[in-house]
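**Student:** Shown below is the structure under consideration.
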Amino acid sequence: MIDWNRVRDLRSEVGNDDFDEIITMFLEETDAIVARLSASLPTSRLESDLHFLKGSALNIGFASFARLCQIGEKQAADVKTDVPVAAIITAYRESRAELLSHLAKGLVA
């Protein structure tokens, strides 16, 4: 679900303080966009949001969420295909909870 090597690499690359800030910004921005996903968005907006989420998720290490965003982005481009919005939202919530749990326990060093 989470690429912990990427999380550790990010923390090592930016340092602890900037890492905490990046995680906070990512979660705030992603929370807002994920909340918007459950609304009936025009497919162009949905495709754009999923593209943004995919890139951000890869940077943070949310591998499963990023993969589903990539699938959804392609499906949004093909307006005849339904986008798995519920699965994308679930993957984000699970990844978010797992990351926060690991951070709280100090398991990401």
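**Student:** Just need the relative contact order of region 4-104 here, percent rounded to a whole number, with Cα pairs under 8 Å and 6+ apart.
**Tutor:** 26
**Student:** Just tell me, in residue order, which DSSP H segments of the chain are both 30 angstrom or longer along the helix axis (alpha-carbon based) and at least -0.5 in mean Kyte-Doolittle hydropathy.
**Tutor:** 16-37
**Student:** Can you put S56, S40, S12, S48 in order of Cβ neighbours within 10 angstrom, beginning with the fewest?
**Tutor:** The most exposed by this proxy come first: S40, S12, S48, S56.
Values quoted throughout were computed directly from the atomic coordinates according to the rules given, and no laboratory measurement underlies them. Predicted model, so just to flag it, every value in this text is computed and none were measured. Glycine also receives a Cβ, built like all others from the backbone with ideal geometry; neighbour counts cover every protein chain displayed.
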